[in-house]
Amino acid sequence: MNRPISRLRHKNLRKLVELCREKEDQGWECIRPIQRTDRSFKHFNIDKDKTYEFQNTDTIHFYEAVYQRKSNGE
């Protein structure tokens with residue numbers, strides 16, 4: 001049986017560490033430690049001829065950790 005998984009994300013590393021400590025106090029275990037993640041998004045406009053025109057790219061940066069519920073003696 002699969003155990004629940006929780007992904008914690010925040011732009012501030014210190015705030016994410018606080019969230020991780022709270023999650024561990026609730027009985028979760030870390031399965032992927034904190035790491036910096038970058039995501040890129042491309043923006044397009046569509047014109048009257050139904051063609052796409054590239055506008056710009058946004059990149060967001062955040063920190064992420066993955067937690068899993070501790071097993072109960074499985």
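The values are calculated or read from the model by the stated rules, or taken from the named source; none is laboratory data. Everything numeric in this text was worked out from a predicted model, so none of it was measured. A quick note on method: Cβ atoms are made from the backbone with ideal geometry, for glycine too, and the neighbour counts reach across all protein chains shown. For accessibility, only protein heavy atoms count, side chains too; no ligands or nucleic acids. Shrake-Rupley method; radii C 1.70, N 1.55, O 1.52, S 1.80 Å.
Given the conditions (1) under 14 Å from the mean Cα position of the chain (by Cα); (2) surrounded by 10 or more Cβ atoms within 10 Å (Cβ to Cβ), report the number of the one that Asp38 does not fulfil.
The number of the failed condition is (2).
Among the residues of the stretch 11-29, count how many are out of contact with any Phe, Trp or Tyr (no Cβ under 6 Å at 6 or more places or on another chain) and either open to solvent by 70 Å² or more (accessible area, probe 1.4 Å) or assigned to a strand (DSSP E or B) (or both).
10
Read through the list (1) open to solvent by 100 Å² or more (accessible area, probe 1.4 Å); (2) assigned to a strand (DSSP E or B), then give the number of the only condition that Lys50 fails.
(2)
Quick check on the stretch 1-10: of everything there that is of a type outside the set (Lys, Arg) and within 15 Å of Arg69 (Cβ to Cβ), which residue is most open to solvent (accessible area, probe 1.4 Å)?
For the stretch 1-10, the residue satisfying everything is Met1.
So Ala65 clears everything in (1) out of contact with any strand residue (DSSP E or B) (no Cβ under 6 Å at 6 or more places or on another chain); (2) surrounded by 10 or more Cβ atoms within 10 Å (Cβ to Cβ); (3) among the small types (Gly, Ala, Ser) except one condition, right? Which one?
(1)
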